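Have a look at the structure below before the remarks.
The values are calculated or read from the model by the stated rules, or taken from the named source; none is laboratory data. Bear in mind the structure is a predicted one, so any value in this text is a computation, not a measurement. So basically every Cβ, Gly included, is an ideal-geometry build from the backbone, and we count neighbours across all protein chains shown. Surface accessibility is based on the protein's heavy atoms, side chains included, excluding ligands, DNA and RNA. Shrake-Rupley method; radii C 1.70, N 1.55, O 1.52, S 1.80 Å.
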Amino acid sequence: SQQGEEDPQALSIQEGENATMNCSYKTSINNLQWYRQNSGRGLVHLILIRSNEREKHSGRLRVTLDTSKKSSSLLITASRAADTASYFCATGLTDSWGKLQFGAGTQVVVTP
Amino acid sequence: GAGVSQTPSNKVTEKGKYVELRCDPISGHTALYWYRQSLGQGPEFLIYFQGTGAADDSGLPNDRFFAVRPEGSVSTLKIQRTERGDSAVYLCASSSLGSSYNEQFFGPGTRLTVL
C-alpha cells in the first residue's frame, strides 16, 4: 500500500518557472524524503527533512513539512529542462526504521 | 566510488519459471533494501536487511518471494513459480547504518517481464 499521495499527478511548466508539488501522508513519521526518477529506473535522493524540522533548502530545492497536517511540499525554483522527471515523496515511519513508503509521484515536464 | 549495481538489467521469463535478481550495494553499506515498482506507481517496499539478517520482510507479497544476503553484502531476490503479475521493475537500495534518518541510494533496477 502507498502511504503518500502526491499532488498534482502531472505538472507542465516552462524553463525559468517554479514547480511546486505536494505530498500528504497518513501515519506518524520519523522523516520525509524526496526522490527524483528519470526514465522509470533508478531513484536519486534529493533531500531529507526530519519530523522536527519545518523547512529545508538545498540549492534550488525548498522543502516544507507540516506534521499537524501530515503534508509536505517540494519547490523547485528556476526550473530547467533537466529537471524533467518524476518526483516521489517517501516517508520513514517511526515504528519501522528501514522501510520507506512512497507515493505515486508527480510527473514534471519542463519545456525550453 | 561505485554505486548500487543490479543484474540483470532486464529479465524476460515464462510464467511458472524461477528467477533470481542480484544486487551489489555500495561498499560498506550495512543496510540493503528491495522495492518493486509497477508502471505509473511509486516503489513498494518488499524487504530490508541489516547485515545478513532480514530486519523487516513485511512487504514480501507471498511465499514465492524470498531474499538472502549470506555474507552481508550482495543480496539475491528469488521468485518461484513466476506469475504475470510479478512483472515490474525491481529496485535495490543501500544505506549506511548509524542513523535513523536513512538516505537510501538506489540501483538502476531490474525490469522483470513474465510472459
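Of all the listed residues (B:Arg64, B:Arg36, B:Arg69, B:Arg84), the sole one being without any contact (Cβ under 8 Å) to a residue 24 or more places away in the chain and among the basic types (Lys, Arg) is B:Arg64. If the condition is being crowded, with 16+ Cβ neighbours inside 10 Å and either part of a strand (DSSP E or B) or touching a residue at least 24 places away in the same chain (Cβ under 8 Å) (or both), then the range A:30-42 contributes A:Asn30, A:Asn31, A:Leu32, A:Gln33, A:Trp34, A:Tyr35, A:Arg36, A:Gln37. Taking the condition modelled with pLDDT of 95 or more, in contact with a strand residue (DSSP E or B) (Cβ under 7 Å, 6 or more places away or on another chain), within 24 Å of A:Asn38 (Cα to Cα) and within 11 Å of another protein chain (Cβ to nearest Cβ), does B:Leu21 pass? In short, no. Picking from residues in the range A:77-96 that are in contact with an Asp or Glu (Cβ under 8 Å, 6 or more places away or on another chain) and within 20 Å of B:Phe106 (Cβ to Cβ), the one that is surrounded by the fewest Cβ atoms within 10 Å (Cβ to Cβ) is A:Ser96. Under the condition of being under 22 Å from A:Gly4 (Cα atoms) and either touching a helix residue (DSSP H, G or I) at 6+ places or on another chain (Cβ under 8 Å) or of a type in the set (Gly, Ala, Ser) (or both), the residues counted in the range B:31-66 number 5. Looking at A:Asn18, is it away from chain B (no Cβ under 14 Å), open to solvent by 80 Å² or more (accessible area, probe 1.4 Å) and either under 21 Å from A:Ser86 (Cβ atoms) or in contact (Cβ under 8 Å) with a residue 12 or more places away in the chain (or both)? The answer is yes for A:Asn18. Tell me, which strands (runs of 3 or more DSSP E) lie completely within the range B:10-74 with 2 or more residues that are of a type in the set (Phe, Trp, Tyr) and closer than 28 Å to A:Gly105 by Cα? In the range B:10-74, B:31-37, B:44-50, B:65-68 are the strands (runs of 3 or more DSSP E) which contain 2 or more residues that are of a type in the set (Phe, Trp, Tyr) and closer than 28 Å to A:Gly105 by Cα. The numbered conditions (1) open to solvent by less than 60 Å² (accessible area, probe 1.4 Å); (2) within 11 Å of chain A (Cβ to nearest Cβ) are all true for B:Ala67 except (2). Could you tell me whether the range B:90-109 includes any residue that is more than 13 Å from chain A (Cβ to nearest Cβ), part of a loop (DSSP other than H, G, I, E, B) and open to solvent by 20 Å² or more (accessible area, probe 1.4 Å)? Among the residues of the range B:90-109, not one is more than 13 Å from chain A (Cβ to nearest Cβ), part of a loop (DSSP other than H, G, I, E, B) and open to solvent by 20 Å² or more (accessible area, probe 1.4 Å), which makes the answer no. Give the range A:66-112 a look and list any residue that's aliphatic (A, V, I, L, M), within 13 Å of chain B (Cβ to nearest Cβ) and assigned to a strand (DSSP E or B), or say none. The answer is A:Ala90, A:Leu93, A:Leu100.
Does B:Glu20 fit the bill of being surrounded by fewer than 16 Cβ atoms within 10 Å (Cβ to Cβ) and of a type in the set (D, E, K, R)? Criteria met by B:Glu20. Out of A:His57, A:His45, one residue alone is in a strand (DSSP E or B) and open to solvent by 70 Å² or more (accessible area, probe 1.4 Å). It is A:His57.
So which residues in the range B:31-56 are open to solvent by 50 Å² or more (accessible area, probe 1.4 Å) and more than 8 Å from every other protein chain (Cβ to nearest Cβ)? Scanning the range B:31-56 gives B:Ser38, B:Thr52, B:Ala54.
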